[in-house]
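Before any comments, here is the structure.
The values are calculated or read from the model by the stated rules, or taken from the named source; none is laboratory data. Bear in mind the structure is a predicted one, so any value in this text is a computation, not a measurement. Here the Cβ positions follow ideal geometry from the backbone for every residue, glycine too, while neighbour counts run over all protein chains shown.
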Amino acid sequence: MSEQPLTEATLLARIARGEHTRQQFKRNFHNPDALAAELAAFANSGGGTLLIGVADDGIITGLSAADVRQLNQMLSNASSQHLRPPVHPHTENVQTHAGLVMVVTVPNGLAKPYLDQQGRIWVKQGADKRHVTAREELQRMFQCGGLVYADVVPVAGTTSADLDEPAFRRYLAQHFSADTAPAGLPLDALLQNLGLGDGLELNLTGLLLFGRNPLRWRPAYTIKAVAFPGTRITDTRYLDSQDISGTLPQQYTEALAFIKRNLHRVQGDQGFNSPGILEVPEIALQELLVNALVHRDYFTSASIRILVFADRIDIISPGHLPDSLSVDDIRHGKSNRRNPTLSEHAFRLLPYRGLGSGIPRALDEWPQIELIDEVSGNQFTARVQRPRAQWAGAGEQATEQVEAPVTEQVTEQVTEQVTEQVTEQVRRLCVALGQEAKGTKELMQSLNLKHRPSFLEGYLNPALQQRFVELTQPDSPRSPTQKYRLTAQGKVLLK
């Protein structure tokens, strides 16, 4: 089904929104190089639309039929002969009260970067465009186009002598056959065969996975971890901090240990001397850490940051998502391997369970994760919310918290408005309770839940707060024989 043609009213509505990153106004073009620069900027920056015949202030100046014929010829030349690789814009002419307006739509380029005749790369910056000159930005653009990958760039000055050879040999013995890694092959040749070097120098993957001292060559590729007592990064106090370096497996182990020692544990039904259950499932933390280490942008000389606050954990990776991916894409398992060689080897050394499955697995284990893609700041943040019961009294040692029992008698029925606000988790809990009082362990089994903090945060505490459930022993809320039952309001909800 074809799109409806633009009308003057539709065009005026678009013009009223003004110029922005995806929309540019131009009175006319008289130079194919100037037109090529605009096309390249859009193709390199996600695509957009040129409205030709419109002044910068949004006033329609219009084009004649002769202007449109000349522009069509210029557009054909600019898009095919003045750009490398060519782009393929779509045009539409709209008749207005002041003359024709040519609407030129440029799709997001799939073969970035697009260069003009002088070899310059243009990108959009707000409503304007700019010339890309910074090396790191150029590298990222070539990376997006699949022309170069940071993980296989040779690390100048390194040799196989900078390798932790015993660790590398153990890796070979565990994961490769004699056909892949023949016993008599020189070390440099082995590294080259496995994509860890070029025969002379280690590449970034070889250094980060097996280097004896990666920090010497790449001091920015570390993790900086800080734990704060409150909820603001501006807090001048901190509870714990650590600069984590070494190989990626070492960084992963130390970073996970840092997070775990700065989280609470819930004792629950376990014995008094047991270590308790981590307030956030460890698998979710593992997946997010591996994702940060393996899929970060290694063309950006910055450290991964781990910030543990009283209410959340932020894991911040250098590099926003590649422009073909969105947050919704990665939530559903879609991926774009920024570092394919690194990920190929890392899954044997880290708990990396497969392409695209890490984020969905983390969300399955702990749905309270916010994914934030910051294009302007060139970073990606995984924000893990901590259970409120653990941070409501920030700074105190928290254990399981249960709301005070509901003492007032409920005599009126639940209104439609209230029931619409009930979460699916609370509804499921009420169904699991039915007409019988049950304990925590029995309820979790009925709901097929294994992680106690998730049960408390998502099911039990909200049900108690909304007075659908009450304690059978309200005077002894922490009794080991404590059970829960539906209130009168809960029974109405269940009906």
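Selection of first residues in the range 460-481 that are part of a loop (DSSP other than H, G, I, E, B) and of second residues that are hydroxyl-bearing (Ser, Thr, Tyr) and surrounded by fewer than 18 Cβ atoms within 10 Å (Cβ to Cβ), restricted to Cβ pairs under 6 Å at least 6 apart or on distinct chains, gives the following pairs, ordered by first then second residue: Gln473/Ser479.
Take Thr91 and tell me if it is assigned by TED's automatic domain parsing to the domain that holds Leu35, without any contact (Cβ under 8 Å) to a residue 40 or more places away in the chain and more than 27 Å from the chain's Cα centre (by Cα). Break it down stepwise before answering.
Values: assigned by TED's automatic domain parsing to the domain that holds Leu35: yes; without any contact (Cβ under 8 Å) to a residue 40 or more places away in the chain: yes; more than 27 Å from the chain's Cα centre (by Cα): yes.
The answer is yes for Thr91.
Being at pLDDT 80 or above, on the phi > 0 side of the Ramachandran plot and either among the aromatic types (Phe, Trp, Tyr) or surrounded by fewer than 19 Cβ atoms within 10 Å (Cβ to Cβ) (or both): is that true of Gly434 here? Yes, satisfied.
Please specify each residue of the range 480-492 satisfying the condition of being of a type in the set (Ser, Thr, Tyr), under 42 Å from the mean Cα position of the chain (by Cα) and over 13 Å from Leu429 (Cβ atoms). Passing the criteria: none in range. Restricting the range 342-377 to residues that are among the small types (Gly, Ala, Ser) and out of contact with any helix residue (DSSP H, G or I) (no Cβ under 7 Å at 6 or more places or on another chain), the residue that is modelled with the lowest pLDDT is Gly354. Can you find a residue that is surrounded by 20 or more Cβ atoms within 10 Å (Cβ to Cβ), in contact (Cβ under 8 Å) with a residue 40 or more places away in the chain and acidic (Asp, Glu) anywhere in the range 30-39? Yes, there is a match, as at least one residue in the range 30-39 is surrounded by 20 or more Cβ atoms within 10 Å (Cβ to Cβ), in contact (Cβ under 8 Å) with a residue 40 or more places away in the chain and acidic (Asp, Glu). Tell me whether the range 190-204 contains one or more residues that are acidic (Asp, Glu), part of a loop (DSSP other than H, G, I, E, B) and more than 26 Å from the chain's Cα centre (by Cα). Scanning the range 190-204, I find at least one residue that is acidic (Asp, Glu), part of a loop (DSSP other than H, G, I, E, B) and more than 26 Å from the chain's Cα centre (by Cα), so the answer is yes. Screening Asn93 on (1) touching a helix residue (DSSP H, G or I) at 6+ places or on another chain (Cβ under 7 Å); (2) over 21 Å from Gly126 (Cβ atoms); (3) not in a strand (DSSP E or B) shows it passes everything except condition (3). Residue pairs whose Cβ atoms lie under 6 Å apart, sitting 6 or more positions apart in sequence or on different chains, and linking a residue in the range 159-173 that is on the phi < 0 side of the Ramachandran plot to a partner that is buried (at least 16 other Cβ atoms within 10 Å of the Cβ) and in a helix (DSSP H, G or I), are Ser160/Asp188; Leu163/Phe210; Asp164/Phe210; Ala167/Phe210; Phe168/Phe210. Would you confirm whether any residue within the range 141-154 is exposed (fewer than 15 other Cβ atoms within 10 Å of the Cβ) and at pLDDT 90 or above? No, the range 141-154 contains no residue that is exposed (fewer than 15 other Cβ atoms within 10 Å of the Cβ) and at pLDDT 90 or above. Out of Leu204, Leu185, Leu190, Leu196, which single residue is more than 18 Å from Arg218 (Cβ to Cβ) and at pLDDT 90 or above? Sole residue among the options that is more than 18 Å from Arg218 (Cβ to Cβ) and at pLDDT 90 or above: Leu190. The lone criterion from (1) touching a residue at least 40 places away in the same chain (Cβ under 8 Å); (2) within 28 Å of Val155 (Cβ to Cβ); (3) out of contact with any Cys (no Cβ under 7 Å at 6 or more places or on another chain) left unmet by Leu307 is number (2). For Ala178, the stated conditions do not hold, so it cannot be described as at pLDDT below 95 and either polar (S, T, N, Q) or not in a loop (DSSP other than H, G, I, E, B) (or both). Cβ-Cβ contacts under 7 Å between residues 6 or more apart (or on different chains), taken from a first residue in the range 46-72 that is touching a residue at least 40 places away in the same chain (Cβ under 8 Å) and within 19 Å of Leu6 (Cα to Cα) to a second residue that is outside any loop (DSSP other than H, G, I, E, B) and of a type in the set (Phe, Trp, Tyr), are listed as Gly48/Phe42; Leu51/Phe25; Val54/Phe25; Gly58/Phe25.
For (1) surrounded by fewer than 22 Cβ atoms within 10 Å (Cβ to Cβ); (2) assigned to a helix (DSSP H, G or I), each residue gets a yes or a no:
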residue	(1), (2)
Thr300	yes, no
Leu307	yes, no
Ile315	no, no
Pro322	yes, no
Leu325	yes, no
Ile330	no, yes
Lys334	yes, no
Arg337	yes, no
Arg348	yes, yes
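Exactly one residue among Val266, Val290 is at pLDDT below 90, outside the structural domain of Leu207 (by TED's automatic domain parsing) and in contact with a Pro (Cβ under 9 Å, 6 or more places away or on another chain), and that residue is Val266. Among the residues of the range 198-221, is there at least one that is in contact (Cβ under 8 Å) with a residue 60 or more places away in the chain, touching a Lys or Arg at 6+ places or on another chain (Cβ under 8 Å) and not assigned by TED's automatic domain parsing to the domain that holds Glu344? The answer is yes; a qualifying residue exists.
Residues that are in a strand (DSSP E or B), farther than 10 Å from Gly46 by Cβ and modelled with pLDDT under 90 within the range 103-125 comprise Ile121, Trp122, Gln125, listed in sequence order. Scanning the range 216-266 for residues being more than 22 Å from the chain's Cα centre (by Cα) and in a loop (DSSP other than H, G, I, E, B) gives a total of 17. Applying the set (1) surrounded by 15 or more Cβ atoms within 10 Å (Cβ to Cβ); (2) in contact (Cβ under 8 Å) with a residue 40 or more places away in the chain; (3) on the phi < 0 side of the Ramachandran plot to His20 leaves exactly one unmet item: (1).
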